[in-house]
Amino acid sequence: MAEPVLTASGLARTYPPARAGGEEVAALAGIDLQIMSGELVSIIGPSGCGKSTLLNLLAGLDEPTAGSVALGSGSPLLGSVAYMPQADLLMPWRTVLDNAAVGPQLRGLSIGEARERARAELLRFGLDGFADAWPSQISGGMRQRTALLRTFLTDCDVMLLDEPFGALDALTRQDMQERLVELWAAEGKSILFVTHDVEEALFLGDRVVRMTPRPGRIADEVAVDLPRPRAAGVTDLEPRFIELKRALEEPLRAEEARTP
């Protein structure tokens, strides 16, 4: 039976007033969440519900106002959880190879060892032949592949991905989704994937967690009982996919209608 690798208990985050005399901002309230070993979990929710705040807490980049986050291994969060933000954050003065090599460098490898490790993975990530290219010379999709490779090369068992494909065109996004699922199946990572796209959440996830408007809480979760492997563009035509999509979209639309 799979064991939890990441557990959030009673997690809350409140921010001070933006100006004197203003009110505190409650971003998250009472989040209870477990990610199991080898699981790919999608998180959806309305804009501003605290999805990115949640990932910052789970990655150890911010401290909760209340509650706790723990890894199953007992290791400290910071440095033990890989985090890929929305922006690729590639360093413009580093080549594709050297940007990817940041991952293993963070794990203590020398630059030479890190480059060797990154070079061995270029083909699998669709970057073969672009090792010496600068970020300004490659497409948005290739920049995201580089960022994804950098994240995988941190060698962390838990990965947090914050809407990494949101800015890509439809075809490139589909390619990245399929590539991510292949890598996840091969590597056995535990992944928490934030997205605003219900179809993407269903295509990728073993289950989909839906958050409420701010302050973000877990409203419900849906087990995605669709067989794997799933084919993007085909899966979303299946009756069960359509049923699950409706079950997630209807409360999201209702919440957006109530939001002032």
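Coordinate-derived values only; no laboratory data. Predicted, not measured: the structure shown is a model, and the values here were computed from it. Here the Cβ positions follow ideal geometry from the backbone for every residue, glycine too, while neighbour counts run over all protein chains shown.
Things worth noting here:
- Beta bridges per DSSP with both ends in the chain, % antiparallel, nearest 5: 50 percent
- Charge dipole (Cα centre; +1 on Lys/Arg Cβ, -1 on Asp/Glu Cβ; no other charges) of the chain amounts to roughly 360 debye.
- Nearest-20 debye value, the range 92-155 charge dipole, Cβ charges on Lys, Arg, Asp, Glu: 140 debye
- Highest average packing first - 220-229, 89-98, Cβ atoms within 10 Å: 89-98, 220-229
- Evaluated on the chain, the Kirkwood hydrodynamic radius is 19.2 Å, with distances taken between all distinct Cα atoms.
- Helix-only [θ]222 nm of the chain, DSSP H runs n ≥ 4, -39500 (n - 2.57) each, per residue, nearest 500: -10000 deg cm²/dmol
- Sequence of R253, R19, R117 once ranked by neighbouring C-beta atoms within 10 Å, starting from the fewest: R19, R253, R117
- The loop-placed GluC sites (Glu not before Pro) in the range 6-69, going by DSSP, that have at most 16 neighbouring Cβ atoms within 10 Å of their Cβ come out as E23, E24.
- Size descriptor, Kirkwood hydrodynamic radius, that averages inverse alpha-carbon separations across the range 5-112, Å: 16.2 Å
- Whole-number D in µm²/s for the range 128-208 (Stokes-Einstein; Kirkwood sum over Cα pairs; 25 °C, 0.890 mPa s): 182 µm²/s
- Counted by neighbouring Cβ atoms within 10 Å, the residues W134, W184 run from fewest to most as W134, W184.
- Reducing the range 9-27 and the range 211-260 to their Cα centroids gives an inter-centroid distance of 28 Å.
- Rg/Rh (Cα only; Kirkwood hydrodynamic radius) as it applies to the range 92-155: 0.93
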